[in-house]
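K.L.:
Just passing along the structure, written as structure tokens.
The values are calculated or read from the model by the stated rules, or taken from the named source; none is laboratory data. Being a predicted model, the structure only gives us computed values, none of them experimental. In this analysis, Cβ positions are derived from the backbone assuming ideal geometry, glycine residues included, and neighbour counts consider all displayed protein chains.
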Amino acid sequence: MLGFLQRKGGRGREPVCSGPPGAGIKFDLAPEGRVTLHRDGVVLLHIRKGMIFKSNHIGAAIWKGLAAGETLESIASTLSRDYAVAREQALEDARSFVAELEARALVTRREN
């Protein structure tokens, strides 16, 4: 789901987005991150690391949900409905996507 074009820097830390279902965790774009949505998906840039990440339209849908302040559970419900995929699979994919973004310091967990 998430393709990487790495210009410099390492792999980042291990994914830590593994809260239990219903945890209601929300995420924000990291201060050093920039996002561009386009017809085919989304591109994210980590300015300090000089890393560019891109994803398809599913990643863009997940990103739009995050940007709107939705939880992963809410995003998964939307993906399940819009793409006719099992909700459990959509939740697993959303968690995986956000874990990749979090591991590369593109998103941070929102303080409640």
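K.L.:
Would you please list the contacts, defined by Cβ atoms under 8 Å and residues six or more apart or on different chains, that run from a residue in the range 43-66 that is touching a residue at least 60 places away in the same chain (Cβ under 8 Å) to a residue that is buried (at least 21 other Cβ atoms within 10 Å of the Cβ) and among the hydrophobic types (A, V, I, L, M, F, W, C)?
P.N.:
Leu44/Phe53; Leu44/Trp63; Leu44/Leu101; Leu44/Leu106; His46/Phe53; His46/Leu106
K.L.:
Let me ask something additional. Which residue pairs have Cβ atoms closer than 9 Å, lie 6 or more positions apart in sequence or on different chains, and pair a first residue in the range 81-103 that is in contact (Cβ under 8 Å) with a residue 24 or more places away in the chain and more than 21 Å from Glu32 (Cα to Cα) with a second residue that is in a helix (DSSP H, G or I) and polar (S, T, N, Q)?
P.N.:
Leu91/Ser77; Leu91/Ser80
K.L.:
Let me ask you something else. Report yes if Val35 is out of contact with any Lys or Arg (no Cβ under 8 Å at 6 or more places or on another chain), β-branched (Val, Ile, Thr) and in contact (Cβ under 8 Å) with a residue 12 or more places away in the chain, otherwise no. So that I can check it myself, show each step before the final result.
P.N.:
On the way: out of contact with any Lys or Arg (no Cβ under 8 Å at 6 or more places or on another chain): yes; β-branched (Val, Ile, Thr): yes; in contact (Cβ under 8 Å) with a residue 12 or more places away in the chain: yes.
Yes; evaluated as a whole, the condition is true for this residue.
K.L.:
Right, next: Going residue by residue through the range 8-31, is there one that turns out to be modelled with pLDDT under 95, exposed (fewer than 15 other Cβ atoms within 10 Å of the Cβ) and part of a strand (DSSP E or B)? Walk me through how you get there before you give the answer.
P.N.:
Filtering the range 8-31 down to residues modelled with pLDDT under 95 leaves 8-31.
Filter once more, keeping what is exposed (fewer than 15 other Cβ atoms within 10 Å of the Cβ): 8-11, 13-14, 16, 18-24, 28, 31.
After this cut, where a residue has to be part of a strand (DSSP E or B) as well, the list is 28.
Yes, that holds for at least one residue.
K.L.:
Let me ask something else. Can you name every residue in the range 52-75 that is of a type in the set (Ser, Thr, Tyr) and surrounded by fewer than 18 Cβ atoms within 10 Å (Cβ to Cβ)? Before the answer, list the steps.
P.N.:
Initially, the range 52-75 is screened for residues of a type in the set (Ser, Thr, Tyr), giving 55, 71, 74.
Of everything in the range 52-75, just one residue is of a type in the set (Ser, Thr, Tyr) and surrounded by fewer than 18 Cβ atoms within 10 Å (Cβ to Cβ), namely Ser74.
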